[in-house]
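Values in this text are rule-based calculations from the coordinates and carry no lab data. Because the structure is a prediction, the values reported are computed rather than measured. Virtual Cβ from ideal backbone geometry, glycine too; neighbours counted across all protein chains shown.
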Amino acid sequence: MKKVYLTTPLYYVNDKPHIGHGYTTILADVLSRYHKLSGKTVFFLTGTDEHGQKVQEAALRLETTPKDHVDKFHKNYIELWKKLNINYDKFIRTTDSNHVVKVKKVLQNLWENDEIYLAEYEGLYSVSEERFITEKEFEEGDYREVKKLKEKNYFFKMSKYQDQLINHINDNPDFILPESRKNEILGFLKKPLDDLCISRPKSRLEWGIEIPFDKDYVTYVWFDALLNYITGIKWDSDEEFFNDWWPANYHLMGKDIITTHAVYWMTMLMANNLPLPKHIIAHGWWLIDKAKMSKSIGNVVNPIKLIDHYGEDSLRYFLMREMTLGQDASFSFELFKRRYNDDLANDLGNLLNRITILIRKFCNNHVPHTSKKDEIDLELIKKMEVLPIDLFKNIDDLKINLAIENTMSLVRSINKYLEIKEPWKILKTNIIDQSSLNALSISCEAIALSAKLLFPVMPNKCNEIFKILNIETRSQDNFSFGQTFGNHIQRHAALFPRIDSND
Ligand code: MSP
C-alpha cells in the first residue's frame, strides 16, 4: 500500500495560535484525509518548537521556569487541534526526551565526521531572529535589536553542500513548490553559502539542547527543531519504522520559513547521508486588509471564536476553499459569511433538505431505485463518474481549492438537475412517475457522493450527512453508482443554518 508522510512546521510555543497556524495544520489534515480516502496509509506529524531565547525571556517575564512555561503553553496548540478535528499521528515537542537524545546523537555524529568545527566569529546578531545576519540582510531587511557580537561558536559545514543542493533542485523540478519559491531559493544559492552557526554560548542562552561535546553551549533552535522530522518517526531507534516513512512526501509550511527548510534542513540531511524529502511546499499568507497577521499589528484572527460560533467545519471549508496554495489570501468576516451562506447554507444545505423532504413525502422515507434513465439523468451520472478522477488529480497536484470546487460544481449541477426534472410536480398531479423517482434517487446518490468527497474537508458535517442518508462506513469510500438505493432516510435539522447580517 502506498505510504504518505507529511509534516507541518513546529509552532513556536510562545505564540497564541491564530488562523495562519490553523491553516497549515488544516491543510496537512485535509491532505492526509484525502490520501487515506484514496487508499493510502498516512503518517502526519505536527508539534511545538520549545527551545530558544524567546521562551527563556517569556519564562523570566512570567516568573516561571522555561520548562513549566512550555509545559503550559504547548497545550494551546493541542487544544486548538482538537477543536479543529485535526487527526495527527504524532505531536512532537522539541523538549521530548527522545528528541533531545537524538539531536545530541546527530551532533555527535557530525562532530566525529568533521562536519562541525569551532571558530570565532564576529558579526551582526539579530536578537529577534536569534541568529547572525549578513551586512546585506541588515541593509535590506527590517531587523530590530541588532548588535555586533564577537563569539566562539560551533559551525556546521553547510557551504560544502551548495553545489549538490543546486543540482538536486534543478534535477527535481517539483522538489520546491510553488515555482516562485524554487526560484527564490535558487536566487539565494547564487551567492556563496556560509557555514551555519549551530551553537549559542550558555552565558547568553541556557534554554536549549546542550552540545554533547561542549557543555558550555546549547544548540541553535532551528538546528534542533528541524531534526523533528526524523526524530518524530523514530530515527535511530526503530530502523524499520523509520525506513517505512522516510523520506517525507510533503513538508508543508508558510513562505517565511522556506529557506531554513530548503537550505539548512536539506544540507543537514546531506551531511547525515539521508535522502531528501519529495516535496517542500510553501503556502502564502493569510492577510487582513492586505497586511500580514501579526501580534505587533494587532490584527490577529482568533480561530476559537469562529469555531465556537460557526463550527470547525465551516472554518476548515473556508480556509481550504479560499486559498490557492502558494498565493496569499484575504480573511474577513464578510468573505467568510458570503462563502458560508452561498456554498454551505444555500447550495449544499438546502439541497440536502430538498432531497430528504421529497423522499420522505413520496417514497415513504426510502431512496427509490432507478429505471429507464433519460438523457438528463445520464448526464448527471456522467459527472459523478468523472468527479473522483478529477478531484484526486487536483489533490495530487496540491490544488485543494480546485478539488473542493470539483465537488461543489457537482452540488450545483444537482440543484440544476432538480430544477429541470421538477420531481415536486408529483405533488400537483399525484402521479408518481419514474422520471421523478429517478430524479430523487440520482440526486440522493449524487449528494451522498459529494459528502464522501467533502469528508476530508468537513469530517463532522459529512458524517452527519452519512447518518441522515444511512450510509454505512464500508460504503463511505465507495464512489461507484447505486450506494444509497433502498436506504432509510433520517429526519434532520438544517445542516448549515444561514448566517444573518447581524450574527
Ligand atoms: N518554529 C518555527 C518553525 C520550525 S519548523 C522545524 C516557526 N514557527 S511559527 O510558530 O512562527 O509558525 C510558522 C508557521 O505558521 C508558518 O510557516 C506558517 O505555516 C504559519 N503561519 C504563521 N502566520 C501565518 C499567516 N499569517 N498566514 C499563513 N500562515 C502563517 O516558524
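Legend: translational diffusion of the range 274-397 by Stokes-Einstein, Rh = Kirkwood radius over C-alpha pairs, 10 °C, 1.306 mPa s; D = 85 µm²/s.
Give, to the nearest whole percent, the P(r) tail of the range 199-302 beyond 17 angstrom, counting all Cα pairs. Before the final figure, lay out each step's value.
Details: 3489 of 5356 pairs.
Cα-Cα pairs in the range 199-302 separated by more than 17 Å: 65 percent.
Over all Cα atoms in the range 77-141, the spread is summed up by Rg and Dmax: 18.6, 49 Å. Between the beta carbons of Asn346 and Leu60, assuming R0 = 56 Å, the FRET efficiency works out to 0.60 to the nearest 0.05.
Between the C-alpha center of the range 380-430 and that of the range 447-470 there is a gap of 14 Å. The equivalent ellipsoid that matches the C-alpha gyration tensor of the range 33-76 spans semi-axes of 36, 9, 7 angstrom, in descending order.
Longest segment of the chain with no GluC sites (Glu not before Pro) in a DSSP loop having at most 10 other Cβ atoms within 10 Å? Intermediate results must be reported in sequence, preceding the final value.
Working: sites that count: Glu63, Glu145, Glu472.
For GluC sites (Glu not before Pro) (loop position, at most 10 other Cβ atoms within 10 Å), the longest site-free span of the chain is 146-471.
Bridging of Lys202 to lysines at a Cα separation below 27 Å is possible for Lys54, Lys67, Lys72, Lys102, Lys104, Lys105, Lys147, Lys148, Lys150, Lys152, Lys157, Lys215, once same-chain residues fewer than 8 apart are set aside. Spin-label model, Ile432 to Thr324: label points 7 Å out along the Cα-to-beta-carbon direction sit 4.9 nm apart. The convex hull drawn around the Cα atoms of the range 137-189, when projected onto a plane and averaged over every direction, covers 5.6 nm².
Straight-line reach from Lys393: which aspartates and glutamates have Cα under 16 Å away, leaving out those fewer than 8 places along the same chain? Answer for Lys393, where 16 Å is the Cα cut-off: Asp174, Glu385, Glu405, listed by chain and number. With both bridge residues required to lie in the range 205-323, what share of the DSSP beta bridges run antiparallel, to the nearest 5%? Approximately 45 percent, going by the DSSP bridge assignments. Within the range 253-292, find all residues whose amide N lies under 15 Å from a label point positioned 7 Å from the Cα of Glu130 along Cα-to-beta-carbon. It comes to 257, 260-261, nothing else. Here the range 54-199 is treated as an ellipsoid with the same Cα gyration tensor; its semi-axes, largest first and in whole Å, are 30, 24, 20. With N as its number of residues, the range 364-421 has a Cα radius of gyration that, divided by 2.2 N^0.38 Å, comes to 1.35. Extension gain, Lys40-Asn109: 0.36 nm per intervening residue step, less the Cα-Cα distance, totals 21.4 nm. Of the residues Thr48, Pro192, Cys363, the one whose Cα sits farthest towards the positive end of the charge dipole of the chain is Cys363 (charges of +1 on Lys and Arg Cβ, -1 on Asp and Glu Cβ, taken about the Cα centre).
Viscosity 1.002 mPa s, temperature 20 °C: give me the Stokes-Einstein translational D for the range 116-264 in µm²/s, with Rh taken as the Kirkwood radius over C-alpha pairs. Estimated diffusion coefficient is 124 µm²/s.
Here Arg498 and Lys83 are evaluated by their C-beta separation; at R0 = 30 Å the FRET efficiency comes out at 0.85.
Could you tell me what % of all Cα pairs in the range 342-442 have separations over 20 Å? When every Cα pair of the range 342-442 is considered, 44 percent fall beyond 20 Å. Considering all different alpha carbon pairs of the range 384-494, the Kirkwood hydrodynamic radius works out to 14.9 Å.
Using 0.36 nm per residue, how much length does the chain from Asn98 to Glu240 gain when fully extended, once their Cα-Cα distance is taken away? If you can, show how the numbers build up before the last one.
Values: separation 142, 0.36 × 142 = 51.12 nm, distance 1.73 nm.
Between Asn98 and Glu240, full extension yields an extra 49.4 nm.
Counted residue by residue at 0.36 nm each, then reduced by the alpha carbon distance between them, the extension gain from Leu335 to Lys373 reaches 9.7 nm.
Share of Cα-Cα pairs in the chain beyond 33 Å, in percent? Everything past 33 Å amounts to 46 percent. Under a model in which nothing but the beta-carbon of Lys, Arg (+1) and Asp, Glu (-1) is charged, the chain shows a dipole of about 1540 debye around its Cα centre.
Which percent, nearest 5, of DSSP beta bridges in the chain are antiparallel?
Working: 24 of 47 bridges.
Just about 50 percent of them are antiparallel.
Neighbour counts of other Cβ atoms within 10 Å put Phe188, Phe156 in the fewest-to-most order Phe188, Phe156.
Taking the range 92-129 and a reference point 7 angstrom along Cα→Cβ of Lys191, the backbone N atoms nearer than 19 Å belong to 121-129. Projecting the Cα positions of His492, Pro17, Phe155 onto the charge dipole of the chain (unit charges on Cβ atoms of Lys, Arg, Asp and Glu, taken about the Cα centre) puts His492 furthest along the positive direction.
Which of Ile297, Ile307, Ile359 comes first, and how do the rest follow, when ranked by fewest Cβ neighbours within 10 Å? Each step should come with its number before you reach the end.
On the way: Ile297 11, Ile307 19, Ile359 25.
In order of increasing Cβ crowding within 10 Å: Ile297, Ile307, Ile359.
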